[in-house]
Every structure is written in C-alpha cells, then in structure tokens.
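The values are calculated or read from the model by the stated rules, or taken from the named source; none is laboratory data. Quick caveat, the model's predicted, so the values are computed rather than measured. Virtual Cβ from ideal backbone geometry, glycine too; neighbours counted across all protein chains shown. Surface areas here come from the heavy atoms of the whole protein model, side chains and all, with no ligands, DNA or RNA. Shrake-Rupley method; radii C 1.70, N 1.55, O 1.52, S 1.80 Å.
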Amino acid sequence: MKYISTRGRSPVCNFEQVLLTGLAPDGGLYVPETLPVFSQQEIASWSGLPYDQLAFKVIQPFVDGEIPDDVLQQLISDSYKGFAHPAVAPLRMLDVNEWVLELYCGPTLAFKDFALQLLGRLLDYVLIRDNKKVAVLGATSGDTGSAALEGCRHCKNIDLFILHPYQRVSEVQRRQMTSVPGDNVHNIAIRGNFDDCQRIVKTAFGDQSFLPADRQLVAVNSINWARIMAQIVYYFYASLNLGGPLRPVSFSVPTGNFGDIYAGYLARGMGLPIRQLIIATNRNDILHRLISNNEYSLGELAPTLSPSMDIMVSSNFERYLFDLFDRDAEAVTAFVTGLGKQAQHLDDARWHKARELFSSLGVDDDTTCEVIRQVYEASGFLIDPHTAVGVKAARVCNQDKSVPMITLATAHPVKFADAISRAGLDYPALPAHMQDLFEREERYDVLDNSIGEVTRYMRSKL
C-alpha cells in the first residue's frame, strides 16, 4: 500500500512513513494511492465478528504487511480491551429505523479513543523496534487531547505536546487533559481558538528546525492517516449489526474537522452500502454552507455548547476534495489555499456530485438543548450536545425513512455540564474511573497565539 499527498509534491510513502509523518512536507494530507474494495460476499462473511476481529479485516490492507499480521492483530485487540461495553460500539434504538451508535465507551469517553488507543500502540511498536524518539504535537477542540494523552502517555519514546484553545473547552474536557501525570506530558493553552491551535501545529510541521537533531514531529490530529483508518471500522460494525451489507444504511455525523465523516465516505468507497452521509454541525457551519449553498468561506469562529465542532477550517475536507477534483493536486491546492483570501465555490458538476452523497445542517445552541431534552423525555437516554446536533440533522435531512439512520454519538454527556443544565436536566454522575477528576492536580501552561512562543516552549522541554 502506497500513500500520496493531496498536494502532489511529496514523495510516495509507505504506511510506517505516513504514521510517523502526519502532514506531508508539501502541506498536503496523505491518502492511499488506491482504496481496498471488499465484495458484498466478503463483507457479509464478517457478520457476527467481535469488534477487534472486524477491525483487523478492515485495517490490514492499509498496513499491508509492514507490521506482521499477528502483531497487528494483537495491537488492535489490546486497543479495545479497556472499553466499558463488551460490544465496544453498542447501538441504541431511538425510534423505528433511528439509531445511535455509542462511541464513548473508551477510557476518555469520546470517539477519539477508537483511533488513538490504536495509534499509541502502533507508534510504540514502531519506535521501539526502530529505536527512535519523537515529539507528538496535536491541537484539540476538546476530546482529541485527552484521548491522545491516554493513548500515548505510556510510550517511552514519545514526548507529548497538546494545544487547546484557552477557556474554550469544557471543564471536564480540560481536566481530563491537564490532570494526566507524566514528565513527557505537556499541555499548552493557547490564547485563541481551535483554528489558531491547528494553524500553529501545521506551521510547526512545515518547519521542524526547532527540534533537536534526533527528533521529528508526529501528528495525533486526524491529519494522521492512522486516525482515519481506525475510524472506518465502526461504520462497517454498525452496518453489519443492522443487516448490512444486504440492506443499505445512512449516517448522521457530528463533525467539525470532517475526519469522522470522511471515514464513512471511505467505508462507502470500500464497498459498504451507505445511502446517505449527513454533515451535522453547529453555527460554525462552513461545511453546511458549501453543501447547501456552494459557499466555502471563512466566518467568525464562535464558541458554542458543542465545542468540539468549533472549527472553521476543516483539515480533512481536503482529502475529500482530492477525490472530488479527480485527484488534481494543483486544483485542490488552489482551492484550499484560496480560502483565506476570498469565498470559494465549486463548479456546478462537482457541487451536485457532492450533494448526491452528502446532506448537511447547521444547528444552533437553543435547538441543541431542545433535542437533548426531547430525546431524554422520549427514551430516558441522555445525549451530549454534539450527538444532539447529529440527531437533529438526521431527522431533518433523512431522505429515505425505510433505510436505518444511524447518528454517531461522539462523546459522553458528562463532559458537557452547561448543555445538560440548559436543557433543564440533571447533570449525570462521573463514571467510576473519573470520580476524583475535580480533585486531581492540573498542569498546563498558557501561551500567546504565536508559533515562535510554542516552538521555544517545546525546545525547552526536549
């Protein structure tokens, strides 16, 4: 399996290289040169497999023997042993043909655990085998940080640097990150928003001269291909548990950075019958404006009750554009780099092609709280604000009610006290392993929104 950059000016890489690189040197994102495709018969034969065994079937072609199959199988199995539910990703029925896929049963109560528990183990295996040390650098709008720290903090050959927007994540999200012990763990609060954090990360990857000679940066954001690869699995898992591949399914995905829904797009390209993919977002709605009105333009990034989607520049959208532009790297580069200068528009043919698969909706905070309350009153099931955005979008955008509609529940409601309170409901109890969260010592440094200040800080810690 070979990987190429969406901007076409970086060398072709293998799996290990993209695992350890993240962002391509030309500023693009790596994608497989060819996508593995499974027959309907092969997918059907996976019905009833435990989650970890199914994950191996889906992931193995992307690794393509670079890690021995028996080792890869064990790394995948170990990644999901600590999940709180035996199904790993249980489905819950809300109504006829309306489902929620609970993706928050991992150690940090967010869907990011599915990828980052595996990513940490993949990195640990490769770095120990090759006797390398790296600095992991990532930006988080809420959940990536704690999931990355939990997945990688035990790796002896990694120093971790996680940026989050100062005072723009929930208290539980912040404490989950900043209370993680370890001399190799460094939390940085940036005086700015998530897009500022993401911009610093991308700039640092573009010029790594500030690092010691024996180090390189590794990405834990979804710019790292391994993140996307791991997330493809639960689309197959949900489908197989609802009669797939003999019947199609649809998905509503709360998304800000487009990584989670891009994984669904890839699952469809690999042979999974997916009828509809719904981009569910909040008032930071650049993706919704493009799908609904062919307007791709920056707006003011606003804080909301669903902070993990408070993103304006959706990095992974570039991966989808690469396909939409028929893998024309120059056209993709012009489109994405032009975003900061003026509003961008797709030609009619490409816009209609995108709309054939993707629907979208932007949901405000008041509606989010109303959906949280409605779902709880109807079923006794408490959902977080991101999942509420997904449920609302599913109900508004569903084009065929005979097809099962699955909303991805991306985080546990305990992380979002403000939204639950505004919905008029009682704040849920912290899970047993987090009972002392508000008593744990926090460790983080507040820095200005400056690439120079961040790189100086990192150099001082390495």
Item to check | Residue list for region 345-381, filter: farther than 17 Å from ILE279 by Cβ, open to solvent by less than 60 Å² (accessible area, probe 1.4 Å) and not in a loop (DSSP other than H, G, I, E, B) | outcome: ASP365, CYS369, ILE372, VAL375, SER379
Next on the checklist: Quick check on region 382-404: of everything there that is open to solvent by 10 Å² or more (accessible area, probe 1.4 Å) and within 28 Å of LEU430 (Cβ to Cβ), which residue is farthest from the chain's Cα centre (by Cα)?
Outcome noted: LEU382
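Rundown of residues vs (1) touching a Gly at 6+ places or on another chain (Cβ under 9 Å); (2) open to solvent by less than 10 Å² (accessible area, probe 1.4 Å), yes/no style:
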site	(1), (2)
ILE4	yes, no
PRO32	no, yes
SER39	yes, no
GLU42	yes, no
PRO61	no, no
PRO68	no, no
Checklist entry - With respect to the numbered conditions (1) over 23 Å from the mean Cα position of the chain (by Cα); (2) of a type in the set (Ser, Thr, Tyr); (3) surrounded by 24 or more Cβ atoms within 10 Å (Cβ to Cβ), which one is the sole condition not fulfilled by THR407? => result (1)
Checklist entry - Residues in region 418-438 that are charged (D, E, K, R), modelled with pLDDT under 95 and part of a helix (DSSP H, G or I): how many? => result 1
Checklist outcome for this item: Exactly one of ALA238, ALA263 is more than 24 Å from CYS152 (Cα to Cα), open to solvent by less than 10 Å² (accessible area, probe 1.4 Å), touching a residue at least 12 places away in the same chain (Cβ under 8 Å) and assigned to a helix (DSSP H, G or I), and that residue is ALA238
Checklist outcome for this item: For LEU123, the lone unmet condition from (1) crowded, with 22+ Cβ neighbours inside 10 Å; (2) within 22 Å of VAL169 (Cβ to Cβ) is (2)
Item to check | Single match in ILE278, ILE291 (criterion: under 18 Å from the mean Cα position of the chain (by Cα), at pLDDT 95 or above and either aliphatic (A, V, I, L, M) or not in a helix (DSSP H, G or I) (or both)) | outcome: ILE278
Item to check | Any pair with Cβ under 7 angstrom, 6 or more apart, that starts in region 422-433 at a residue that is among the aromatic types (Phe, Trp, Tyr) and ends at one that is open to solvent by 60 Å² or more (accessible area, probe 1.4 Å) | outcome: TYR427/SER421
Checklist outcome for this item: If you go through LYS81, LYS112, the only one that is closer than 27 Å to ALA409 by Cβ and surrounded by fewer than 21 Cβ atoms within 10 Å (Cβ to Cβ) is LYS81
